[in-house]
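The values are calculated or read from the model by the stated rules, or taken from the named source; none is laboratory data. In this text the structure is predicted, and so the values were computed from the model without any measurement. Virtual Cβ from ideal backbone geometry, glycine too; neighbours counted across all protein chains shown.
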Amino acid sequence: MRVLLVRPPKYLWPYMNEQDNYLLPQAIVYLGAEARRRGHAVTLIDCLPSRLGWRGLERTIRELQPQVVCAGDSETLYQHESGRVFRLAKSIDPHIFTVAGGVHFSHACDHAFANYPIDAIVRGEGERTFGELLDTLAGGGEVSDVAGLALPDGGGGMRYTARRELIANLDDLPFPAYDLLPMERYGAARYLFSPGGVTMHHSRGCVDGCAYCACWLQMARRDGEPPGETLRPRWRTRSVGPVVDEMETLRRRYGKSCIVFVDDTWNVEPRWSDAFADALLRRPLDVVWFAFMRADLLARDEESGLFAKLMRAGLTHICIGMERADDAELRELRKHNIQVDRTTALVRKLRKKYPSLFLQTTFIVGLPQDTPESLDRLLAYVESIDPDYPAFHPLTPVPGTALWNEAQRDGRLEITDFTRYDWMTPVMRTDAMTRAELEYKIWQMNSRYLNPWRILRGVLSPHTYRRRMYLWWLLVSLRVGWDYVLDRVRPSRSTRRKTQLSDYVGMVKPDWYDQ
């Protein structure tokens, strides 16, 4: 089969745009590798670093004449761009078999079939399901015999095939098809994830089932049969050797010096982390690396001395999902085993003990009980622990999450247009604040934290990575602010997507988007 996997043209998040860096999409390099291993002719197209707009993508599809076109995304925000790929493919050749995948489509199948010409949705972990689907199409078999799919039933409804078990041994996966992407175009930023940032992962899944997070659902254990299946958190990892070998390939063959681990929770298993650090210390690759780390597990590893060892092995940048400064609110979000006092002590210790570490955190605002005063207290707490980069995101329900189900049940959603689910635009009010008031408060929190002294301190840091990250933060913030001013002064010339609110930031339309 001639197979095309596409990451389509997109409006860009202003803090990760074409002047900075694109992160390599892990999904398509793994799906592409599995399809190639099974003997199919595979093409990967990532329109973002290639600056390939919709007219160019149409020309490319006509030239390639694929039999199968696959697109999808983990972000609800971008589901309509994948939908546009399916419409485009069918307009070129109605016989093209269209396949959707990723977190959003796995958990919004009915919406997807109702709005886009999709022939099959791969639900959950994709490699085995996608590979078997391609083999079945090539052999003329029954698609409904492939486990792990959602299919249209031909009458405006949908049906599920049998449950797909998770891959038992991740080492069985083929080496990702990096060679099918323009690797030289990733990680070209001067400051962000510099030098030469590129994504990879060693594990899949998570140990917790937070109410607001859809990521863990994609790699969850599924009990029962769809649609009544029960999802439970599940975490798996590859062996240390293949992970370090992949890092070496990225460094030696592709010149990537900053590895951005995109694992949902990198630091679950301390024995794995210890062996990984040993391997990097024995085989120095001259790389720095980033990871998303869970606070309670990070505290464990700091107390044991393992975190210091990981720092010696190149760890330079971590992100901790702290979310709130109140234990009861964390329980409300179903973030288990996290204690604010312990996390506070941990962050302060890290700031003092590891001055070269860039410490990023995330916080969720817009809980039903939030008021301007409660958010002022949250900001004061964040200022007291002094992370390098705190991200304040409005509470945003997405399909598949417990929060989505609760918001639907309680009628709290005021915005149902998925193109605005950007984790910058509030989609729900609080009991005391309108969406416009909440959005302004988020802008105010960011502005107050981004003070000249804090930026100057970072820009003058003696540690190269931290200095570069602060320069990136400064420059992109100035650019976003300037775009905001231009939007108000010359709205007719603005390239930002407008919404019903007076957004202080918005998704940016690239110059090449329509080309």
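The table for this structure:
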| read-out | value |
| --- | --- |
| Qualifying residue in region 108-115 (condition: within 29 Å of Thr230 (Cβ to Cβ), surrounded by fewer than 20 Cβ atoms within 10 Å (Cβ to Cβ) and of a type in the set (Gly, Ala, Ser)) | yes |
| Elements of type strands (runs of 3 or more DSSP E) contained in region 186-258, each with 2 or more residues being without any contact (Cβ under 8 Å) to a residue 60 or more places away in the chain | 221-223, 230-232 |
| Complete set of residues in region 305-351 that are in contact with a Leu (Cβ under 7 Å, 6 or more places away or on another chain) and in a loop (DSSP other than H, G, I, E, B) | Ala313, Gly314, Arg324, Ala325, Ile338 |
| Residue that is farthest from Tyr78 (Cα to Cα) [pool: residues in region 382-426 that are among the hydrophobic types (A, V, I, L, M, F, W, C) and touching a strand residue (DSSP E or B) at 6+ places or on another chain (Cβ under 6 Å)] | Val382 |
| Filtered residue count, region 132-151, keeping only those that are assigned to a helix (DSSP H, G or I) and either of a type in the set (Val, Ile, Thr) or buried (at least 22 other Cβ atoms within 10 Å of the Cβ) (or both) | 4 |
| Unique residue being within 25 Å of Val398 (Cα to Cα) and in the same structural domain as Pro117 (by TED's automatic domain parsing) when the list is Glu63, Glu75 | Glu75 |
| Of the criteria (1) β-branched (Val, Ile, Thr); (2) touching a Lys or Arg at 6+ places or on another chain (Cβ under 8 Å); (3) closer than 30 Å to Arg324 by Cβ, which one Val287 fails | (3) |
| Cβ-Cβ under 7 Å pairs, at least 6 apart or on other chains, region 318-330 side assigned by TED's automatic domain parsing to the domain that holds Leu403, far side assigned to a strand (DSSP E or B) and small (Gly, Ala, Ser) | Ile318/Ala291 |
| Selection within region 202-235 - over 30 Å from Glu329 (Cβ atoms) and touching a Lys or Arg at 6+ places or on another chain (Cβ under 7 Å) | His202, Glu225, Pro226 |
| Selection within region 34-72 - over 23 Å from Asp179 (Cβ atoms) and buried (at least 17 other Cβ atoms within 10 Å of the Cβ) | Gly53, Trp54 |
| Residue list for region 70-94, restricted to those being of a type in the set (Val, Ile, Thr) and either closer than 16 Å to Leu52 by Cβ or out of contact with any His (no Cβ under 8 Å at 6 or more places or on another chain) (or both) | Val85, Ile92 |
| Criterion (over 22 Å from Thr265 (Cα atoms), assigned by TED's automatic domain parsing to the domain that holds Ala295 and in contact (Cβ under 8 Å) with a residue 60 or more places away in the chain) met by exactly one of Glu383, Glu373 | Glu383 |
| Single residue of region 391-409 satisfying the filter (outside any loop (DSSP other than H, G, I, E, B) and farther than 17 Å from Leu438 by Cβ) that is farthest from the chain's Cα centre (by Cα) | Arg409 |
| Unmet criterion (only one of (1) surrounded by 17 or more Cβ atoms within 10 Å (Cβ to Cβ); (2) within 20 Å of the chain's Cα centre (by Cα)) for Glu246 | (2) |
| Identity of the residue in region 410-423, closer than 29 Å to Trp473 by Cβ and either assigned to a strand (DSSP E or B) or β-branched (Val, Ile, Thr) (or both), that ends up modelled with the highest pLDDT | Ile415 |
| Test set (1) over 25 Å from Arg232 (Cα atoms); (2) in contact (Cβ under 8 Å) with a residue 40 or more places away in the chain; (3) in a helix (DSSP H, G or I) - Asp171 fails condition number | (1) |
| For Pro176: the one exception among (1) buried (at least 17 other Cβ atoms within 10 Å of the Cβ); (2) under 18 Å from Phe105 (Cβ atoms); (3) not assigned by TED's automatic domain parsing to the domain that holds Arg331 | (2) |
| Cross-chain or 6+ apart pairs with Cβ under 6 Å, region 78-103 first and not assigned by TED's automatic domain parsing to the domain that holds Asp135, then at pLDDT 95 or above | none |
| Candidates Thr362, Thr316, filtered to the one that is among the β-branched types (Val, Ile, Thr) and surrounded by fewer than 19 Cβ atoms within 10 Å (Cβ to Cβ) | Thr362 |
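For (1) within 20 Å of Glu127 (Cβ to Cβ); (2) at pLDDT below 95; (3) in contact with a Cys (Cβ under 9 Å, 6 or more places away or on another chain), each residue gets a yes or a no:
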residue: Leu180; (1), (2), (3): yes, no, no
residue: Met200; (1), (2), (3): yes, no, no
residue: Ala214; (1), (2), (3): yes, yes, no
residue: Gly224; (1), (2), (3): no, yes, no
residue: Arg236; (1), (2), (3): yes, no, no
residue: Ile259; (1), (2), (3): no, no, no
residue: Val262; (1), (2), (3): yes, no, no
residue: Trp272; (1), (2), (3): no, no, no
